[in-house]
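J.: What follows is a single structure, and I will ask about it in a moment.
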Amino acid sequence: MMRGFFADDQLLMLPLADHPGVRLHGEALGVHRGPLVLALTEEAQQTEEVVVDLTDVRLLATSVLETLALLAARLTPPQRLLVRAGAELELRERIAARGWDRIGTLRLADS
């Protein structure tokens, strides 16, 4: 399996062409945490900033969001996890509601 690639009936995950990280398309559910962790852990060993692009995600399970927060919390500055997402996923609100906005290595970027 090529690094960063994953596909099933709900989700397509592809490596980013221009930056270390992945772009997700479709619905990111709890069953997708494993492939996501594998891809991001590998990228984090090689770079300071890992990007997760969720702009084409229609549904993001809370368990996947929690996994992203936990991955970010394990990074050591200046490393960071940058999450790009559209406003419809309400990531800022969801992250703040759980106190994950205090994770200094987790950044959100609006797309």
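J.: What helices (runs of 4 or more DSSP H) completely inside the stretch 1-106 contain at least 2 residues that are surrounded by 14 or more Cβ atoms within 10 Å (Cβ to Cβ) and at pLDDT below 95?
T.: Here the list reads 33-44.
J.: Looking only at the stretch 1-53, which residues are β-branched (Val, Ile, Thr) and touching a Pro at 6+ places or on another chain (Cβ under 8 Å)?
T.: Hits for the stretch 1-53 are VAL22, THR47, VAL50, VAL51.
J.: Okay, next question. Scan the stretch 18-27 and give yes if some residue there is among the hydrophobic types (A, V, I, L, M, F, W, C) and within 12 Å of the chain's Cα centre (by Cα), otherwise no.
T.: Checked against the condition, which is being among the hydrophobic types (A, V, I, L, M, F, W, C) and within 12 Å of the chain's Cα centre (by Cα), the stretch 18-27 yields at least one hit.
J.: A further question on this structure: Within the stretch 1-24, track down each residue that is aliphatic (A, V, I, L, M) and under 20 Å from GLN79 (Cβ atoms).
T.: From the stretch 1-24, those aliphatic (A, V, I, L, M) are 1-2, 7, 11-14, 16-17, 22, 24; that's our starting set.
Those that are aliphatic (A, V, I, L, M) and under 20 Å from GLN79 (Cβ atoms): LEU16, VAL22.
The values are calculated or read from the model by the stated rules, or taken from the named source; none is laboratory data. Treat the numbers as computed from the prediction; the structure is a model and nothing was measured. All Cβ positions, even for glycine, are placed from backbone atoms using ideal geometry, and neighbour counts span all protein chains on display.
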